[in-house]
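Only one structure is covered here, and it is reproduced in the block below.
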Amino acid sequence: MAGKETGTTASEATETTVTTETAGIAGTAETARATASGGSPAAVTRAWATRLVVVGIVLSAVNLRPAITSLGALLEEVRDGLGMSGSVAGLLTSVPPLCFAVFGVMAPRLARRFGPAAVVCAGMAAVTAGLLIRPYAGSTAGFLAGSALALMGIAVSNVLMPVIVKRWFPDRVGSMTGLYSMALAAGTALAAAVTVPLTDTLGGSWRTGLAVWGGLAAVAVLPWVPLVRDRGTAPASEAGAGARARAERQPPALRITRSRTAWALAVFFGLQATAAYITMGWMAQIFRDAGVSASTAGLLLAVTMVMGVPLAFVIPRVATRLPHQGPIVIALGVCGLAGYAGLYLAPAGGAWAWAVLLGIANCAFPLALTMVGMRARTGAGVAQLSAFAQSTGYLISIPGPLLVGVLYQHSGGWGLPIALMVGLMIPQMAVGVLAGRNRIVEDEAATKAA
């Protein structure tokens, strides 16, 4: 889930998605007709390419979080094996949003030059290499470098997956986004649940337990290889003059920073991302310090992550039917506060309940993406708002996991870190209510300009 330097990057992302919309619609329709009637070889080839894209989207989504949650399940073993302090471990848990913010901003430009499919293929290859290298790097610096390589691949894939969905499935964006979200949540939960038992089965080495996820990432490279030549623009025969004319008539880039709603969405995205990465990086350790076994702590983290599978479908549907999404924001925030209170008062006694509550709270992510689509009127506005909200949000989320590690090390317990989590949830609810108001960023920016 990035793109923060809003000017150039947002306009690039807009151009990438908007110029292909008509082409994708035409291509999808032609493919369906040609395939049903045994049509031209080109149409049949495109039909097979579409199937490959579906497989590629699912496999890539599955691999967008195991690099993070597998580490969370084995963080204690990694710290002991590499001699990490709590502060350095906190830095490690801050690396994902940092990489998403820094490398994600490069994705639109790379996609315009090489094509989104080629960049995602390279991204999955980087994930594979990083996951295979980092456990055997032999030092904390090497481990961080390997993690950064994997996260760089995840970052560009995060940004370009919606572009690919828009390009290939313009008339099925909702269903394909739901499939993508479900696969992402499933991969996140899978890594959290099976990393510890898989490590035990493979001999007990945390290095092997982390490296095995590189094999799954390697599988995700394969569907994209035949699509590397795709440059993200449909052939002229499919797009026609209408697509070119539409691209030429696009309005100038929106001054997104003039919109209060855009800023509210960016802060909301950043605070929910902070909570999510703190959860992925530290929740298993909280349970283990409370006396829960490593394998059970991994399962608890998996429960938290798997809550996103059904709720990723339910929450957007409910949100789009409401004029104001504030009530959903409040409900998710209350679940988060209850979960944090449980972690403080009885972390082991009510562990399963706290895992469920925090899993519900973490579903602020699909809500944030849904509000991005609702708060802009045009496709160009949505792309620019998404780039601004995600990039700025990921920058905001960077200090949170690091602060948790520092507070944990210096206080010797989880009281202060949990207090920090509670302190961040309250402003998350406030800005979420502001972001959920029935406002349009184009109108706000135009009013400010006037």
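The values are calculated or read from the model by the stated rules, or taken from the named source; none is laboratory data. Everything numeric here is computed off the predicted structure, so don't read it as measured data. No Cβ is skipped: glycine too gets one built from the backbone with ideal geometry, and neighbour counts run over all protein chains shown. For the accessible areas, the whole protein counts, side chains as well, though only heavy atoms, and no ligand, DNA or RNA atoms are used. Shrake-Rupley method; radii C 1.70, N 1.55, O 1.52, S 1.80 Å.
For residues that are within 19 Å of the chain's Cα centre (by Cα), under 24 Å from Met307 (Cα atoms) and open to solvent by less than 50 Å² (accessible area, probe 1.4 Å), tally how many sit in the stretch 194-219.
Qualifying residue count, the stretch 194-219: 2.
What pairs come out if I take residues in the stretch 173-188 that are open to solvent by 30 Å² or more (accessible area, probe 1.4 Å) and pair them with residues that are at pLDDT below 80 and basic (Lys, Arg) whose C-beta lies under 7 Å away, six or more apart or interchain?
Val173/Lys166
Of the residues that sit in the stretch 271-322 and are open to solvent by 50 Å² or more (accessible area, probe 1.4 Å) and among the charged types (D, E, K, R), which one is nearest to the chain's Cα centre (by Cα)?
Arg317
Here is a list of conditions, (1) at pLDDT below 90; (2) assigned to a helix (DSSP H, G or I), and Leu254 meets all of them except one; can you say which number that is?
It fails just one condition, (2).
Hey, any hits in the stretch 138-145 for a residue that's in a helix (DSSP H, G or I) and crowded, with 23+ Cβ neighbours inside 10 Å? Break it down stepwise before answering.
Taking the stretch 138-145 as the starting set, the residues that turn out to be in a helix (DSSP H, G or I) are 140-145.
Then keep just the ones that are crowded, with 23+ Cβ neighbours inside 10 Å; that gives 143.
Looking through the stretch 138-145, at least one residue is in a helix (DSSP H, G or I) and crowded, with 23+ Cβ neighbours inside 10 Å.
Quick one: in the stretch 67-87, of everything that is among the polar types (S, T, N, Q) and over 15 Å from Ala189 (Cβ atoms), which residue is surrounded by the most Cβ atoms within 10 Å (Cβ to Cβ)?
Among those residues, the one meeting the criterion is Ser87.
Would you pick out the residues in the stretch 108-120 that are surrounded by fewer than 24 Cβ atoms within 10 Å (Cβ to Cβ) and either in contact with a Cys (Cβ under 8 Å, 6 or more places away or on another chain) or of a type outside the set (D, E, K, R) (or both)? Can you show your working first?
Going residue by residue through the stretch 108-120, those that are surrounded by fewer than 24 Cβ atoms within 10 Å (Cβ to Cβ) are 109-110, 112-115, 118.
Residues satisfying the conditions are Leu110, Phe114, Gly115, Ala118.
Taking the condition modelled with pLDDT under 60, open to solvent by 30 Å² or more (accessible area, probe 1.4 Å) and among the hydroxyl-bearing types (Ser, Thr, Tyr), does Thr22 pass?
Judged against the criteria, Thr22 is a match.
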